[in-house]
Amino acid sequence: MENLIALLVAAPLLGAAVLLCGGRRLDRTGHWIGTLLAVASFAVGVLLFTDMLGKDAEHRALHQALFSWIPVEGFQADVAFQLDQLSMTFVLLITGVGSLIHIYSIGYMEHDERRRRFFGYLNLFLAAMLLLVIADNYLLLYVGWEGVGLASYLLIGFWQHKPSAATAAKKAFLVNRVGDMGLSIAIMLMFTTFGTFAFGPVLESVGDTGEGKLTAIGLMLLLAACGKSAQVPLQSWLGDAMEGPTPVSALIHAATMVTAGVYLITRSGAIFNAAPDAQLAVVIVGAVTLIFGAIVGCAKDDIKKALAGSTMSQIGYMILAAGLGPIGYAFAIMHLVTHGFFKAGLFLGAGSVMHGMNDEVDMRKYGGLRKYMPVTFVTFGLGYLAIIGFPGLSGFWSKDKIIEAAFAYDDGIRGWIFGGVALLGAGITAFYMTRVMIMTFFGEKRWQPDESGNEPHPHESPKSMTIPMIVLAFGSVFAGGLFSLNESFVKWLEPVTQFEHPHPVISVPAITASTVVVLLLGAGLAYLMYGRKPVPVTAPRGSLLTRAARRDLLQDDFNHVVLVRGGEHLTRSLVYVDHTVVDGVVNGTAAGFGGLSGRLRKLQNGFARSYAVSMFGGTAILIAATLLMRAV
Amino acid sequence: MSPVNYLYLAALLFAIGATGVLIRRNAIVVFMCIELMLNACNLTLVAFSRMHGNLDGQIIAFFTMVVAAAEVVVGLAIIVSLFRSRHSASVDDASLMKL
Amino acid sequence: MSFPLLTATAAVPAIGAIVTAAVPAARRTAAKWLALFFSLVTLVLAVLIGVRFAPGGDRYQLTESHSWIADFGVRYELGVDGIGVALIGLTALLIPFVLLAGWHDADPQETGSKRWRPTQGFFALILMVEAMVILSFEATDVFLFYILFEAMLIPMYFLIGGFGDRAHAGSDEKAAAQRSYAAVKFLLYNLVGGLIMLAAVIGLYVVAGNFSLQEIAAARASGELQMATSTERWLFLGFFFAFAVKAPLWPLHTWLPNAMGEATAPVAVLITAVVDKVGTFAMLRFCLQLFPEASKWATPAILVLALISIVYGALLAVGQRDIKRLVAYASISHFGFIIMGIFAMTSQGQSGATLYMVNHGVSTAALMLVAGFLISRRGSRLIADYGGVQKVAPVLAGTFLVGSLATLSLPGLAPFVSEFLVLVGTFARYPAIGIIATFGIVLAALYSLVLYQRTMTGPVKPEVSAMPDLKVRELVVVAPLIALLIFLGVYPKPVTDLVNPAVGHTLSDVHEKDPKPEVEAAK
């Protein structure tokens, strides 16, 4: 059975190779090839999953070693895969949601002449993402890690003729590279500490080293996670990444790739468990991002950017949970999976809306769309209820558990702080999602003809797009409940992530009740602000906070002034230095010799008698020197 | 008479010759001064030969004479052709040795 | 006596150069094919070296030794270790692509000029460089190596000064002046380095009494040949200076951007991917083996210089406006990595550095040759003159992107493996330096992607709107290089297997052992 693991990666990789190298002759069939291979990978995943279910919990992990990758004295990196319950969860999520989004894209990208290439990139992404989650060592994980970064770069910048898309793609890659730096330093630290970077040996020998080293490794892993999962302070790329086609936003920037940081932290659980300081850092990053993303989400009028803020915030929840240790890992992953369903569904819904509205993204120009696109409305609405944590739906089960766990972080003040932040986040989530919902689907129509007189004619999207949305809506509704039945999800992951029951500082029913109250408050406030009176088509000036939030809380401005401008000045002055100083020293030496020889040339005046004088003088000096030497 | 006196004489002759080379402009005179210096050298060679009691110095003196004769032939020819083209025998007029 | 394979591998391109140069002026095309044929034969011979070489066997294999200048103990001594085999392979592999890429670079500008001979010269000079570079990778006699090290400057000088890039801003006279400036600068820098090395070579002879690398190294290892500490350091510095100029190491680097900017793209590849490797190769083979103690003494300073090269080269690459100069500064950054790996004195670092030499050769060749195709289409080297090429020439843009990604060491492509090994190897001994060097990977992403963004994406500029995509000849050049980048990124084992034993020997020369991992050391 374990020989099938490689197939998971091989199928989409083959697709990418065929589609990208195949050339124009595959334009007609390319999208089918891509979709087929994604589904094939999903089928392999399901096959492996059923096989895994048939075994008892302790013997489910599979291992497949392919070949020795970088054999150097003292340094062994192998291409080997490990498929345990954690990886399996991701494999199913990635291939499942991935296949759905391939299908959706067939319709969404129908009119794009470069559709074949789009599918090639999507397949490349799937391969890299699968490699990331089934690698059995950190270095191979790193390959997948950067591979998804590449796919993300290519897909964000898919419409390269738009300068904004090209810039956003570059920005995403660069910010991620900063995170990647963290990952590579972490791997180097592991190598010098443990002599290896395979998951098994590293995580088993955590006890053999000091806490200082582990904290350092943990912080570096956190840096990596911050980059990939758009956590503060490396979150700035995610909003811009919405320049990519919407299926990409759904798959990469909502359901799968951005959650890789959560995977990394959960996978390295043993390291974090032994380094409480690193854990605290993780929790702080998660809590800050959770609020940060939520505030940004409240102010955006671009539907995709509002959802991007929400993604950031939800991943903040997962990171927070992952930082809590064994009480949180399972819930982090559970929220990750349910989030994968409802956020992908929301993005696909947004894509469907844009498809019907001539690619308009400004929610102020929507309004009342429920009449025109009923299927989109219903699926989007179910996703909405799931994300705000409406009791009974997926988000409720997973988010509520995270809030509980956050309250259980510590007996004292920490539990209250982080629990409170998580609770507050739930309220803001309800607020901004209700805002999105109302502005898009309720109220009066607010769209107008554009300059060339084209008025949008909102219509329901084709079947290839609505079916994936419906499937995801089912997931948004039922997945959470299913996972929580008998704590089945927690038990499934327990052999990998360990599990301890959280003991919150206040009782569990009280937490659940206050969560529901907070979300009703948030949703009610949004209704009061946006549902009761018509939404203005041009955005009002807004408060200071609103204006800052529209600009991503000024982080881009900070980056621009400090990093971009500063960097430009630095490089410019260095170019100058290279030309004048470094080169100047050499040219100066040359000029010095030139000047000296110019002077010396004047001695050569052509008068025979002056030559004679120098000869006599020279001879006299020589003789004098000889005599002196004799005398001494 | 001590052979050392010959050395004093040679030094004197050499000094006269050297001064002549340095201060006179007429090429013929410069030339004669050079001959004077050569002969001063010959004199020292012969004197040393006498002092040390072997003949090496005298043999070299013969060589010097031959070389001096050959030099005179070439040198005078150059001076004559210079004089023909420039109507002057001053060495400072012939400052063509630089680029 | 067995077949002198090493001599043959160097002799074939040398003969090829003479034959190519002798082809009559009108038979230009025949000369090109002839040159290509000879370079392919060389490649076959290089592969044969790889097959005959047994990685686990003697340190130097396929050795040849003949008396040459008996009075000074100079011998014609050849032998290869794994590092040499890898680099010979790289050289022999790249030259056919260089020739193919430069197929039209030396064609007469006016058609029908019957007496035009430089075409033959161009191809002959490239083959001549190949012969000398290959022989310098094989030479185990210090004097023989020195001669080759200097002699290869002559054909390089003519290649840079005589066959400039036809895409230039401004008048022909100005371009010619810049070109000759670049060529003279190249020559002077390397000559100064070479002269200092000559002094050190003579000094070595005075101390050791012969020029044979193996004999001297053996005598040093057994303690027969003692050197005073200061003598060893001076000799080391003499050798190292020459290699650092060639490599090039900051602050001796300024000749490279000029030379690579003014030369045609294939010649630029020849400079950075082939000829410069002789410098880093010689550091491994001569500096470490002959002067182990001095090498260790100089290590901290060299590592700092290498670190400066890495960051400084990358920052300057970001600030460039000229595509080829950008690649040149990127190369300076990469050479910093190679030198850092060599002097980290760990097996990961040195294996990584050797691998880096090979990978950097292939990746720079891919990027630079595609950049050359791009430049020849538009007739400008300025980044600002491009935009939106991706729309009109997708294959060209795609290959350019792969080249850029290789330059920024994307995992899955060959340079990643070597860069990571170098970083790990350095980190194991000098954590601070390893961490600072890691910043290089962010900067590499910056300059590579900025280059790609500014040239390939955005709205199509009117000047590039009619740009044709890659032709078959150009694809034949680029596709194998890209395939090789992917192959060596996924399966570098063939090269590491070659290199590992040689690196082990070098490390034992300097009496260094890898630092033990903390956990193991504790036990």
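Data table
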| item | result |
| --- | --- |
| Considering residues of the range A:183-195 that are touching a Ser or Thr at 6+ places or on another chain (Cβ under 9 Å) and more than 8 Å from every other protein chain (Cβ to nearest Cβ) only, the residue modelled with the lowest pLDDT | A:Met190 |
| Answer residue from the range A:604-618, given it is open to solvent by 70 Å² or more (accessible area, probe 1.4 Å) and within 10 Å of chain B (Cβ to nearest Cβ) and is nearest to B:Thr19 (Cα to Cα) among those | A:Val613 |
| Residue in the range C:382-396 that is part of a helix (DSSP H, G or I) and under 27 Å from A:Val9 (Cβ atoms) present | yes |
| Residues within the range C:48-81 that are farther than 16 Å from C:Leu5 by Cβ and either among the aromatic types (Phe, Trp, Tyr) or part of a helix (DSSP H, G or I) (or both), tallied | 4 |
| Selection count, the range B:1-32, where residues are within 10 Å of chain A (Cβ to nearest Cβ) and surrounded by 17 or more Cβ atoms within 10 Å (Cβ to Cβ) | 5 |
| Within the range C:69-79, considering residues that are more than 25 Å from the chain's Cα centre (by Cα) and surrounded by 16 or more Cβ atoms within 10 Å (Cβ to Cβ), the one farthest from C:Thr140 (Cα to Cα) | C:Gly73 |
| Residue in the range A:110-124 that is closer than 23 Å to A:Gly23 by Cα, more than 18 Å from the chain's Cα centre (by Cα), open to solvent by less than 10 Å² (accessible area, probe 1.4 Å) and hydrophobic (A, V, I, L, M, F, W, C) present | yes |
| Of the criteria (1) away from every other protein chain (no Cβ under 14 Å); (2) in contact with a helix residue (DSSP H, G or I) (Cβ under 6 Å, 6 or more places away or on another chain); (3) among the aromatic types (Phe, Trp, Tyr), which one C:Tyr189 fails | (1) |
| Scan of the range A:471-507 for residues that are among the aliphatic types (A, V, I, L, M) and buried (at least 16 other Cβ atoms within 10 Å of the Cβ), ordered by number | A:Val471, A:Leu472, A:Ala473, A:Val477, A:Ala479, A:Val490, A:Leu493, A:Val496, A:Val505 |
| Subset of the range C:411-446 (residues that are surrounded by 24 or more Cβ atoms within 10 Å (Cβ to Cβ) and over 23 Å from C:Ala344 (Cα atoms)) | C:Leu413, C:Ala445 |
| Any hit, the range A:591-600, residues being hydrophobic (A, V, I, L, M, F, W, C), part of a helix (DSSP H, G or I) and surrounded by 12 or more Cβ atoms within 10 Å (Cβ to Cβ) | no |
| Residues located in the range A:544-585, provided they are over 23 Å from the mean Cα position of the chain (by Cα), within 14 Å of chain C (Cβ to nearest Cβ) and either among the hydroxyl-bearing types (Ser, Thr, Tyr) or open to solvent by less than 50 Å² (accessible area, probe 1.4 Å) (or both) | A:Gly566, A:Gly567, A:Thr571, A:Ser573, A:Leu574, A:Val575, A:Tyr576, A:Asp578, A:Thr580, A:Val582, A:Asp583, A:Gly584 |
| Test set (1) crowded, with 22+ Cβ neighbours inside 10 Å; (2) facing chain C (nearest Cβ under 8 Å) - A:Thr209 fails condition number | (1) |
| Matching entry among A:Leu222, A:Leu290, A:Leu234, A:Leu214 (being buried (at least 23 other Cβ atoms within 10 Å of the Cβ) and modelled with pLDDT under 90) | A:Leu234 |
| Residue list for the range A:133-146, filter: over 17 Å from A:Ala254 (Cα atoms), of a type outside the set (D, E, K, R) and part of a helix (DSSP H, G or I) | A:Ile134, A:Tyr138, A:Leu139, A:Leu140, A:Leu141, A:Tyr142, A:Val143, A:Gly144 |
| Counted residues, the range C:210-240 - those being open to solvent by 30 Å² or more (accessible area, probe 1.4 Å) and either among the polar types (S, T, N, Q) or within 14 Å of chain A (Cβ to nearest Cβ) (or both) | 7 |
| Residue within the range C:112-122 that is in contact (Cβ under 8 Å) with a residue 40 or more places away in the chain, under 28 Å from C:Pro492 (Cα atoms) and assigned by TED's automatic domain parsing to the domain that holds C:Thr280 present | no |
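The rows are residues; the columns are (1) open to solvent by less than 10 Å² (accessible area, probe 1.4 Å); (2) at the interface with chain C (Cβ under 8 Å from one of its Cβ atoms).
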residue	(1), (2)
A:Asp136	no, no
A:Leu139	yes, yes
A:Val143	no, yes
A:Val148	yes, no
A:Ala151	yes, no
A:Gly157	yes, yes
A:His161	no, yes
A:Lys170	no, yes
A:Leu174	no, yes
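Matching residues to (1) modelled with pLDDT of 90 or more; (2) open to solvent by 10 Å² or more (accessible area, probe 1.4 Å):
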site: C:Leu252; (1), (2): no, yes
site: C:Glu262; (1), (2): no, yes
site: C:Val269; (1), (2): yes, no
site: C:Thr272; (1), (2): yes, no
site: C:Leu290; (1), (2): no, no
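The values are calculated or read from the model by the stated rules, or taken from the named source; none is laboratory data. Bear in mind the structure is a predicted one, so any value in this text is a computation, not a measurement. Note: ideal-geometry Cβ built from the backbone for every residue, glycine included; neighbour counts use all protein chains shown. The protein model used for the area step is the full one, side chains on, heavy atoms only, and it has no ligands, DNA or RNA in it. Shrake-Rupley method; radii C 1.70, N 1.55, O 1.52, S 1.80 Å.
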